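A.B. asks: Mind having a look at this structure? Questions to follow.
Readers should treat all values here as calculations from the given coordinates under stated rules, not as data from a laboratory. As the structure is a prediction and not an experimental result, all values here were calculated from the model. Glycine gets a Cβ as well: all are built from the backbone with ideal geometry, and neighbour counts include every protein chain shown.
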């Protein structure tokens with residue numbers, strides 16, 4: 001479970017803008033704090049720009065948890081997962097969000113803004129934020145996710 005005093009990194013492209021605004025409103029009222037990486041309007045914005053900004057700060061431990069939203073959730077998730085130690089999980093249901101935390105130690109949830117009801121998305125994010133990583137046998141698998149190019153990076 002994440003402490004409500006931490007700052008959650010959140011970002012979207014234009015297709016996820018309205019859902020992001022809804023999540024900010026609902027979850028802020030529940031005491032969560034956010035750093036908003038955009039989009040700041042429904043005007044077109046490229047999802048990789050937002051994904052990389054959020055993922056970079058997760059990678060550098062500026063923030064420990066994040067939320068990303070684009071039309072399908074796919075593109076923004078793919079871009080975020082290019083960063084070491086970022087585990088961005090595309091989630092469509094509350095159960096998948098729970099498993100992403102329990103088994104994969106996901107540190108970013110990706111949502112399909114054009115395909116989810118806003119309240120379903122809020123319930124999924126709450127579940128994601130409230131769940132803990134199980135560790136154990138799952139840690140062994142998580143340890144195998146990052147690859148190295150051999151240069152010591």
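A.B. asks: How high is the relative contact order of the range 7-142, in percent, counting Cα pairs under 8 Å that sit 6 or more residues apart? Walk me through the numbers before you get to the answer.
C.D. replies: Numbers: 272 pairs, mean separation 33.9, N = 136.
The value is 25 percent.
A.B. asks: Report, in degrees rounded to the nearest 10, the 0 to 90 angle that the Cα long axis of helix 118-130 makes with the longest principal axis of the chain.
C.D. replies: On a 0 to 90 degree scale, this one is about 30.
A.B. asks: I'd like the antiparallel share, as a percent to the nearest 5, of DSSP beta bridges with both residues in the chain. Intermediate results must be reported in sequence, preceding the final value.
C.D. replies: Working: 0 of 16 bridges.
Beta bridges within the chain, antiparallel portion: roughly 0 percent.
A.B. asks: Mind giving me the nanometre distance, one decimal, between the label points for residue 147 and residue 4, set 7 Å out from Cα along Cα→Cβ?
C.D. replies: Computed distance between label sites residue 147 and residue 4 equals 4.2 nm.
A.B. asks: Semi-axes of the range 40-118's equivalent ellipsoid from the Cα gyration tensor, sqrt of 5 times each eigenvalue, largest first, rounded to whole Å?
C.D. replies: Working: eigenvalues 67, 59, 17 Å².
Square roots of five times the eigenvalues give 18, 17, 9 Å.
A.B. asks: Moving on. Helix 47-59 versus the longest principal axis of the chain: what is the Cα-based angle in degrees, 0 to 90, to the nearest 10?
C.D. replies: That helix lies at roughly 50 degrees to the long axis.
A.B. asks: Report the extension gain between residue 123 and residue 21 in nm, rounded to one decimal, defined as 0.36 nm multiplied by the number of residues separating them, less their alpha carbon distance. Kindly include the intermediate steps, with their values, before the conclusion.
C.D. replies: Details: separation 102, 0.36 × 102 = 36.72 nm, distance 1.50 nm.
Extra length available between residue 123 and residue 21 comes to 35.2 nm.
A.B. asks: Per DSSP helix of 4 or more residues, -39500 (n - 2.57); summed, then divided by the residues of the chain. What does that give at 222 nm, rounded to the nearest 500?
C.D. replies: Values: 6 runs with 63 residues, N = 153.
Counting only the DSSP helices, I get -12500 deg cm²/dmol.
A.B. asks: Okay, next question. Hey, what angle do you get for helix 17-29 against the long axis of the chain, alpha-carbon based, 0 to 90 degrees rounded to 10?
C.D. replies: 90
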